[in-house]
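Worksheet: one structure, shown below.
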Amino acid sequence: MKFNHEGRELRDLRGLNQDFVEVHEDLSGSPLWNPDLAPTALSRRTWTTYHIAALWIGMSVVITTYTLASGLMQQGMTWWQAMVTILLGNVIVLLPMILNAHAGTKYGISFPVLCRASFGVRGANIPAILRALVACGWFGIQTWIGALALNTLLVAAWPGWASIAIGIWISFAIFWAIQVWIIVNGLEGIKKLEGWSAPLLLGGGALLLGWAVIRGGGLGHILSESIRLQTTHVPFWRLFPAALTANVGYWATLSLNIPDFTRYARSQRSQALGQALGLPATMTAFAFIGVAVTSATIVLFGEAIWDPVALIARIGSAPVIIFGALIVLLAQLTTNMAANVVSPANDFSSLAPRRISYVIGGLITAVMGIIMLPWKLYADAAAYIFTWLIGYSSLMGAIGGILIADYWILRRRELSPVDLFKVEGRYTYSGGINPRAVIALVVAVLPVIPGFLRAATTPGGTVANPTFLDSLYTYAWFVTFGLSFVLYLALSKRR
């Protein structure tokens, strides 16, 4: 048996390579508690390796994965340079992903609750809201892509739809409403959706790859010809730092809130193996489809078409367009529900647990996704990669460095789950806020702000004559992660 610092009994069950901790004390009287934020009971920790892997397949097989690869080619990388960059980025981000997942599996706690250990029971709202706002932006982007696909489908099924001036906005409203309906039905529906949709999404991607290979005259031919015919050439080492950071930043969001899912895992082995099998392999495989199909567009059309929705509308007959659009819609749906609703719903709920439930938090996310004007965030491949992805990765890196330093180094994976729900407890610090975590977060982000501002105000996000600060910004996630990790440990040990 294990006991917390006040002697209350915790249940300690030996799982695969870890202790499972279940709280038996009634925490429902705490103002920091609600049923959605409560530690997951052992009876609900049922997600196997397959469920975790399927979750990642469902989240990775999405149009933004495809456009990440095709966008790099549009900016001047060859197909093999884009693949190396994507594979390396996903292997790197897998490490903090598994490390942050550990606490979720061991204690059954979500991301905003885990943040209470390092930032304080009130200060945890700072990283939670930063993460939530990024998710709202992503929710809007994925919804906009889904709307584009739905609009393409409607035009193919009924050509008269193209003459409706606000057709795209009607499509946006319909797809947004479908997602709101799923949000209202809760997290278990997401688990089932990811489980059965993963094979279908991979099959749709394989069909698109088959089209590219057949129409382009063979895989080897389209890849070699794409290099020869490519009109944009930029030295690899000039693009590589920013491209690598963008690929790490792509999942830097999930590397923080992964406990939102692994709190349901059956064991540490299930969460670690499921992620290792599902993330790098699927991201690289689907990115390769994006690379191959984009290479085919260079050969067939003389230009790199980075948006698959635009490509589907250009290449197919009505049945092909309808089928392709349905695959895109399913891909956007599964990814948005898992990657961009679960976390912000929990994060918003943590602001006022008694008044904001998971469902209300999800509805706030859906509304914020519209307010953030996603059609502008997704309008340009260069801005999408070099401003949006790298920009928010600086915040995610700084938060990740603090979480890992606190849980793995300072606390050596030992938390008091009861105190995570106490206004006055060991995680109260100063008025509920740990100033050392806040200082480490702010100081870690400061060096990359000048570069971000220059990129954000430069068309396409690529600065022509980069200064040292511009170059530092291209490594944003690495810089802020390393600085916050070291600063937090230094400040905490001085204490």
Within region 105-118, considering residues that are among the hydrophobic types (A, V, I, L, M, F, W, C) and either outside any helix (DSSP H, G or I) or over 22 Å from the mean Cα position of the chain (by Cα) (or both), the one surrounded by the most Cβ atoms within 10 Å (Cβ to Cβ): ILE109
Total residues in region 267-302, condition of a type in the set (Gly, Ala, Ser) and over 24 Å from THR67 (Cβ atoms): 5
Restricting region 399-429 to residues that are touching a Phe, Trp or Tyr at 6+ places or on another chain (Cβ under 7 Å), part of a loop (DSSP other than H, G, I, E, B) and not hydrophobic (A, V, I, L, M, F, W, C), the residue that is nearest to PRO353 (Cα to Cα): PRO417
Helices (runs of 4 or more DSSP H) completely within region 434-495 that count 2 or more residues being under 17 Å from MET396 (Cα atoms), more than 22 Å from the chain's Cα centre (by Cα) and modelled with pLDDT of 95 or more: 435-445, 476-494
Subset of region 63-82 (residues that are part of a loop (DSSP other than H, G, I, E, B) and surrounded by 24 or more Cβ atoms within 10 Å (Cβ to Cβ)): MET77
Among the residues listed as LEU87, LEU94, the single one being out of contact with any Leu (no Cβ under 6 Å at 6 or more places or on another chain) and either closer than 29 Å to ALA382 by Cβ or free of Cβ contacts under 8 Å to residues at least 40 places away in the same chain (or both): LEU87
Single match in ILE109, ILE145, ILE178, ILE141 (criterion: in contact (Cβ under 8 Å) with a residue 60 or more places away in the chain, closer than 30 Å to TRP33 by Cβ and of a type in the set (A, V, I, L, M)): ILE109
ILE356, sole failed condition from (1) at pLDDT below 80; (2) over 20 Å from the mean Cα position of the chain (by Cα); (3) among the β-branched types (Val, Ile, Thr): (1)
Identity of the residue in region 145-185, among the aromatic types (Phe, Trp, Tyr) and farther than 25 Å from TRP306 by Cα, that ends up surrounded by the fewest Cβ atoms within 10 Å (Cβ to Cβ): TRP181
Residue within region 197-207 that is under 30 Å from LEU42 (Cα atoms) and either at pLDDT 85 or above or surrounded by fewer than 18 Cβ atoms within 10 Å (Cβ to Cβ) (or both) present: yes
Enumeration of residues in region 19-39 that are touching a Phe, Trp or Tyr at 6+ places or on another chain (Cβ under 7 Å), under 16 Å from ILE258 (Cα atoms) and crowded, with 20+ Cβ neighbours inside 10 Å: PRO39
Pairs with Cβ under 6 Å, 6+ apart, first in region 415-435 and farther than 10 Å from SER118 by Cα, second assigned to a loop (DSSP other than H, G, I, E, B) and of a type in the set (Val, Ile, Thr): GLY432/VAL121
Filter result (under 22 Å from ALA339 (Cβ atoms) and of a type in the set (Ser, Thr, Tyr)) within region 53-87: SER60, THR64, THR65, TYR66, THR67, SER70, THR85
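The values are calculated or read from the model by the stated rules, or taken from the named source; none is laboratory data. Quick caveat: nothing in here was measured; it's all calculated off a predicted structure. All Cβ positions, even for glycine, are placed from backbone atoms using ideal geometry, and neighbour counts span all protein chains on display.
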